[in-house]
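The values are calculated or read from the model by the stated rules, or taken from the named source; none is laboratory data. Being a predicted model, the structure only gives us computed values, none of them experimental. Don't worry about glycine lacking a Cβ; one is built from the backbone with ideal geometry, like all the others, and counts go over all protein chains shown. Side chains are part of the model used for accessible areas, which takes the heavy atoms of the whole protein and leaves out ligands, DNA and RNA. Shrake-Rupley method; radii C 1.70, N 1.55, O 1.52, S 1.80 Å.
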Amino acid sequence: MYLQRRNRITRQSEAIRSLVSETKLSPNDFIVPLFIDEGTNSKTEIASMPGYYRNSLDVTVNEVKELWSMGLKSVLLFVKSKDELKDNTGKEAWNKDGLMQRSIKAIKDAVPEMYVMTDVALDPYSSYGHDGIVKDGQIVNDETVEALVKMSISHAEAGADMVAPSDMMDGRIGAIRKGLEENNFINTGIMSYSAKYASCFYGPFRDALDSAPGFGDKKTYQMDYANRIEAIKETLMDVEEGADIVMVKPALSYLDIIREVKNAANVPVSAYNISGEYAMIKAAAEKGWINEDKAIMEVLTSIKRAGADLIATYFAKDAIRILNH
Ligand code: PBG
């Protein structure tokens, strides 16, 4: 048989495959989400995220040192707030001495070069478990935005390098940018969760922070997973309002959206390989149904191939271990 083109030639050996490989993962690709708890010397495994922990701040600081030594350069902080501090205003979110603010300081003191990003949304502080303030059963937009601005400024004051609003309120990026400017935090960035979908795959995360909504769901602010054009609209508006990085979340059911956002936006694009996506791999691997390490690399590579410049993932350490093998 005569063939003008034989595509298998560039797949013949490991050497040629690696030479023509288009997508390579590196430690520079990852943002490591960290769950922080009150207390000392405590480490709590999250039931629906086997192998992932909610740690007290002292343990977290040691973890951050280890991450830095592995070549990981960015962490994304989430805290679990005590029930008695939760209310409908979410005011604990901008407490100067709150767990988040103490965590930012302690981490920047211990590893100043580590790029510290912080989650900005009211859900861990809300007695309703919603990302915003509730009035008459509605999540009110404009008052929530004011709260998010205070929260962002308090993170910047504590030393955060970048705030990451994950709430999906309208107009919050512009308002946060203005708040940061007016308070002279001109070097504090914003990574906007721009296209954040209402997803069932957040379940394990809500276990981690005990932040599940007390009533209803998040569909009046997070996006409908049937929609595509809306993701572009949200992203371009956030860029206009001052986002330094835009995010698509979740990642795996939204690889098409990551690509479209990448093609449309002129800022770096991140994707969040979320808790449910982690849990699915862990569960299948535990049953012996898939090879965990291979699944991790295939999934992370697919997210990067889709167009993500950065990937927030609970698999960051595993990926480094596998890459170094
Ligand atoms: C809260 C927030 C959520 C996640 C990040 N920030 C959950 C939600 O919106 O309910 C999910 C992360 C994950 O599932 O890994 N604003």
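Can you report the number of residues in region 26-36 which are outside any helix (DSSP H, G or I) and either surrounded by fewer than 18 Cβ atoms within 10 Å (Cβ to Cβ) or among the β-branched types (Val, Ile, Thr) (or both)? Explain how you work it out, then say what you get.
Initial filter on region 26-36 (outside any helix (DSSP H, G or I)): 26, 30-36.
Cutting the leftovers down to either surrounded by fewer than 18 Cβ atoms within 10 Å (Cβ to Cβ) or among the β-branched types (Val, Ile, Thr) (or both) gives us 26, 31-32, 36.
Of the residues in region 26-36, 4 are outside any helix (DSSP H, G or I) and either surrounded by fewer than 18 Cβ atoms within 10 Å (Cβ to Cβ) or among the β-branched types (Val, Ile, Thr) (or both).
Within region 50-62, can you find the residues that are in contact with a Lys or Arg (Cβ under 7 Å, 6 or more places away or on another chain) and either closer than 14 Å to residue 103 by Cα or buried (at least 17 other Cβ atoms within 10 Å of the Cβ) (or both)?
The first filter runs over region 50-62 and keeps only residues in contact with a Lys or Arg (Cβ under 7 Å, 6 or more places away or on another chain), leaving 50-51, 53-55, 57, 59.
Once the filter is applied, which keeps residues that are in contact with a Lys or Arg (Cβ under 7 Å, 6 or more places away or on another chain) and either closer than 14 Å to residue 103 by Cα or buried (at least 17 other Cβ atoms within 10 Å of the Cβ) (or both), region 50-62 yields 53, 54, 55, 57, 59.
Within region 10-25, is there a residue that is surrounded by 14 or more Cβ atoms within 10 Å (Cβ to Cβ) and closer than 21 Å to residue 318 by Cα? Spell out the reasoning first.
If we filter region 10-25 for residues that are surrounded by 14 or more Cβ atoms within 10 Å (Cβ to Cβ), which is where we start, we get 25.
Then drop every residue that is not closer than 21 Å to residue 318 by Cα, which leaves 25.
So far as region 10-25 goes, yes, one or more of its residues are surrounded by 14 or more Cβ atoms within 10 Å (Cβ to Cβ) and closer than 21 Å to residue 318 by Cα.
Yes or no: residue 39 surrounded by fewer than 20 Cβ atoms within 10 Å (Cβ to Cβ), in contact (Cβ under 8 Å) with a residue 12 or more places away in the chain, on the phi > 0 side of the Ramachandran plot and out of contact with any Ser or Thr (no Cβ under 7 Å at 6 or more places or on another chain)? No; evaluated as a whole, the condition is false for this residue.
Tell me, yes or no, whether region 136-150 has at least one residue that is within 18 Å of the chain's Cα centre (by Cα) and not in a loop (DSSP other than H, G, I, E, B). Talk me through it step by step, then tell me what you get.
Filtering region 136-150 down to residues within 18 Å of the chain's Cα centre (by Cα) leaves 148.
Cutting the leftovers down to not in a loop (DSSP other than H, G, I, E, B) gives us 148.
Checked against the condition, which is being within 18 Å of the chain's Cα centre (by Cα) and not in a loop (DSSP other than H, G, I, E, B), region 136-150 yields at least one hit.
Is it true that some residue in region 175-185 is polar (S, T, N, Q), out of contact with any strand residue (DSSP E or B) (no Cβ under 6 Å at 6 or more places or on another chain), at pLDDT 95 or above and not in a helix (DSSP H, G or I)? Yes; the residues of region 175-185 include at least one that is polar (S, T, N, Q), out of contact with any strand residue (DSSP E or B) (no Cβ under 6 Å at 6 or more places or on another chain), at pLDDT 95 or above and not in a helix (DSSP H, G or I). Can residue 295 be described as away from the ligand (no atom under 16 Å from the Cβ) and buried (at least 16 other Cβ atoms within 10 Å of the Cβ)? In short, yes. Being closer than 14 Å to residue 242 by Cβ and either polar (S, T, N, Q) or open to solvent by less than 40 Å² (accessible area, probe 1.4 Å) (or both) is a property that residue 187 has.
Of all residues in region 244-278 being within 13 Å of the ligand (Cβ to nearest atom) and open to solvent by 20 Å² or more (accessible area, probe 1.4 Å), which is farthest from residue 51 (Cα to Cα)? The extreme case among them is 253.
Can you name the residue in region 162-178 that is on the phi < 0 side of the Ramachandran plot and within 15 Å of the chain's Cα centre (by Cα) and is also surrounded by the most Cβ atoms within 10 Å (Cβ to Cβ) among such residues? Show your work before the answer.
Applying the first criterion (on the phi < 0 side of the Ramachandran plot) to region 162-178 yields 162-167, 169-170, 172-178.
Then keep just the ones that are within 15 Å of the chain's Cα centre (by Cα); that gives 162-167.
Details: 162: 20, 163: 27, 164: 27, 165: 29, 166: 21, 167: 25.
Residue satisfying both the conditions and the ranking: 165.
When you look at residue 309, is it acidic (Asp, Glu) and under 16 Å from residue 71 (Cβ atoms), yes or no? No; evaluated as a whole, the condition is false for this residue.
Tallying residues that are more than 16 Å from the ligand (Cβ to nearest atom) and either without any contact (Cβ under 8 Å) to a residue 12 or more places away in the chain or more than 16 Å from residue 66 (Cα to Cα) (or both) within region 312-321 yields 1. Only one of the listed residues (65, 105, 73) is surrounded by 12 or more Cβ atoms within 10 Å (Cβ to Cβ), in contact (Cβ under 8 Å) with a residue 12 or more places away in the chain, of a type in the set (D, E, K, R) and touching a strand residue (DSSP E or B) at 6+ places or on another chain (Cβ under 6 Å). That residue is 73.
Tell me, which residue of region 152-161 that is among the hydrophobic types (A, V, I, L, M, F, W, C) and not in a loop (DSSP other than H, G, I, E, B) is most open to solvent (accessible area, probe 1.4 Å)? Steps first, please.
Applying the first criterion (among the hydrophobic types (A, V, I, L, M, F, W, C)) to region 152-161 yields 153, 156, 158, 160.
After this cut, where a residue has to be not in a loop (DSSP other than H, G, I, E, B) as well, the list is 153, 156, 158.
Numbers: 153: 29, 156: 9, 158: 11 Å².
The selected residue is 153.
Are any residues in region 154-167 away from the ligand (no atom under 16 Å from the Cβ), among the aliphatic types (A, V, I, L, M) and under 18 Å from residue 245 (Cα atoms), and if so, which ones? Across region 154-167, the qualifying residue is only 156.
With the requirement that a residue be among the hydroxyl-bearing types (Ser, Thr, Tyr) and under 15 Å from the mean Cα position of the chain (by Cα), what does region 278-322 give you? Within region 278-322, 278, 313, 314 qualify.
Yes/no per residue for (1) surrounded by fewer than 23 Cβ atoms within 10 Å (Cβ to Cβ); (2) under 26 Å from residue 134 (Cβ atoms):
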residue	(1), (2)
180	yes, no
196	no, yes
203	yes, yes
212	yes, yes
222	yes, yes
229	yes, no
236	yes, no
239	yes, no
242	yes, no
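Out of the residues in region 125-136 meeting the condition of being within 16 Å of residue 212 (Cα to Cα) and open to solvent by 30 Å² or more (accessible area, probe 1.4 Å), tell me which one is nearest to the ligand (Cβ to nearest atom). Among those that are within 16 Å of residue 212 (Cα to Cα) and open to solvent by 30 Å² or more (accessible area, probe 1.4 Å), it is 128.
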